[in-house]
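The values are calculated or read from the model by the stated rules, or taken from the named source; none is laboratory data. In this text the structure is predicted, and so the values were computed from the model without any measurement. Cβ: placed from backbone, ideal geometry, glycine included. Neighbour counts: every protein chain shown.
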Amino acid sequence: MLKTPAIDVYSEIGKLKKVLLRRPGSEIENITPDLMDRLLFDDIPYLEVARQEHDAFAEIFRRNDVEVVYLEDLAAQSIQAEEIRALFLEEFIAESGIRGDMKKAAVLDYFQSFEDTRTLIDKMMAGIRKEEVFIANPKSLSDIMDSDYPFLIDPMPNLYFTRDPFASVGTGVTIHHMRTVTRQRETLFGKYIFKYHPDFRDSGIKFWYDRDEQYCIEGGDILVLSDKVIAIGISERTDAAAIDLFASRLFADGQSFEVILAFDIPKSRAYMHLDTVFTMVDHATFTIHPEIEGPLTVYSIKKSTKKGTEFDIEKETMELKRILERYLELEEVTLIRCGGKRGIDAGREQWNDGSNTLAIAPGEVVVYARNHITNHLLEENGIRLHVMPSSELSRGRGGPRCMSMPLIRERL
Ligand SMILES: NC(=[NH2+])NCCC[C@H](N)C(=O)O
């Protein structure tokens, strides 16, 4: 019998079989008003309710026969071997922004005091407040200089957006160089999971991109539209040069993908990733935020047939609907305009991730309850909705697609 690949994602809509989540943890209670901006939050979620909402999200998957795995569990299972755990801690501390060797040593001691790796992982994700690691009397100038800053290690509150630090593409994975310092540390968990976790270690998964690479790319910008076509946003978070590198590796590997559509979207916080303005909900149906349609330019990148050039790149001149019809070989594509035609509703619902739907099967999507205008439009277009509560999770500026990373989808 053929072994199921550990990663298998050839569409945005194929029946979801296995998904990776992070249940929000104490990192959320380490967001402070002063740090909010840098940590990419617009408000401080109420953790208990955020967790209830997240559990409701996970329940939707389980009720629909989707296996749910948690980042924190996989990470803990990946570092069971002592030598791997030591390497992991070393890398984590090196990247944690701690200034001063004495502090680094104190933090390492603190981490080593956790016997259970799962508790250790939670602690690493949550961040370390200064008072947790008691450093008696300042011992160095750096201790004195950093004295007003409350953390030895910053929290990582964006971890529940598992979509972004890595992405499943075909039978491989991209591990990302994130744009912001606060999110760059997240990808270390992915590195250890995909290299050392028993489910992935010897599974032959491919690596299309690595966290040490020079250019930035984030998972919210990568949409696998079909086994031939991938859409990638050139956005606030993703560089065109990263798309070149990714394309060249993917094409060289001989995967079925033939075209990458690079969507040049406005570089702004509200539209940080392509999936905040555009998602796929059914074979020929997409959501779109009406305000990006005007400024949108799409480039198609194909493997070159000519000698001496790697790609054939074209600036597409047709409107988006036609571009999608052509490349996905569809007769008629429907674009559902989130929030409808009214600017106020469209703006508000996009801000709260109305366009950020997650398909769990063709024509079946998970959505936030608060985006009722968009949700109504989706239903009018025959889409089946799984509605989740959304008061607290949405304060991090991400929706159902951002909060999930599919590992396996049934092929269409
Ligand atoms: N795929 C997404 N749209 N993710 C949204 C991530 C939100 C997160 N606060 C950030 O700014 O990075």
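Quick notes
- Identity of the residue in segment 303-329, basic (Lys, Arg) and closer than 23 Å to Ile13 by Cβ, that ends up surrounded by the most Cβ atoms within 10 Å (Cβ to Cβ): Lys321
- Enumeration of residues in segment 392-412 that are in a loop (DSSP other than H, G, I, E, B) and either within 16 Å of the ligand (Cβ to nearest atom) or closer than 22 Å to Val69 by Cα (or both): Glu392, Arg397, Gly398, Gly399, Pro400, Arg401, Cys402, Met403, Ser404, Glu410, Arg411
- One residue stands out among those in segment 156-197 that are without any contact (Cβ under 8 Å) to a residue 60 or more places away in the chain and within 16 Å of the ligand (Cβ to nearest atom): the one that is nearest to Leu358 (Cα to Cα), which is Pro165.
Residue-by-condition table, conditions (1) on the phi > 0 side of the Ramachandran plot; (2) in contact (Cβ under 8 Å) with a residue 40 or more places away in the chain:
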site	(1), (2)
Gly363	yes, yes
Val367	no, no
Glu380	no, no
Arg384	no, no
Pro389	no, yes
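- Considering segment 251-352, the qualifying helices (runs of 4 or more DSSP H), each wholly inside and each with 1 or more residues that are over 22 Å from His386 (Cβ atoms), away from the ligand (no atom under 16 Å from the Cβ) and in contact with a strand residue (DSSP E or B) (Cβ under 6 Å, 6 or more places away or on another chain), run over 290-293, 320-327.
- Check on Phe57, crowded, with 16+ Cβ neighbours inside 10 Å, in a loop (DSSP other than H, G, I, E, B) and within 18 Å of the chain's Cα centre (by Cα): no
- Any hit, segment 217-226, residues being under 15 Å from Leu159 (Cβ atoms), in a helix (DSSP H, G or I) and not aliphatic (A, V, I, L, M): yes
- Test for Lys228: is it under 19 Å from the mean Cα position of the chain (by Cα) and away from the ligand (no atom under 16 Å from the Cβ): no
- Taking every residue in segment 295-318 that is within 13 Å of Phe251 (Cα to Cα) and pairing it with any residue that is among the hydroxyl-bearing types (Ser, Thr, Tyr) and assigned to a loop (DSSP other than H, G, I, E, B), at least 6 positions away or on another chain, the pairs with Cβ-Cβ distances below 9 Å are Glu310/Ser304; Phe311/Ser304; Asp312/Ser304; Asp312/Thr305.
- Scanning segment 15-41 for residues that are in a loop (DSSP other than H, G, I, E, B), within 16 Å of the ligand (Cβ to nearest atom) and among the charged types (D, E, K, R) yields Arg22, Asp37, Arg38.
- When the helices (runs of 4 or more DSSP H) confined to segment 93-165 are screened for residues that are at pLDDT 95 or above, those reaching at least 2 such residues are found at 101-112, 117-126.
- Filter result for Glu325 (over 15 Å from Ile230 (Cα atoms) and touching an Asp or Glu at 6+ places or on another chain (Cβ under 9 Å)): no
- Residue within segment 244-261 that is buried (at least 21 other Cβ atoms within 10 Å of the Cβ), modelled with pLDDT of 95 or more and among the acidic types (Asp, Glu) present: no
- Residue in segment 368-384 that is within 16 Å of the ligand (Cβ to nearest atom) and not in a loop (DSSP other than H, G, I, E, B) present: yes
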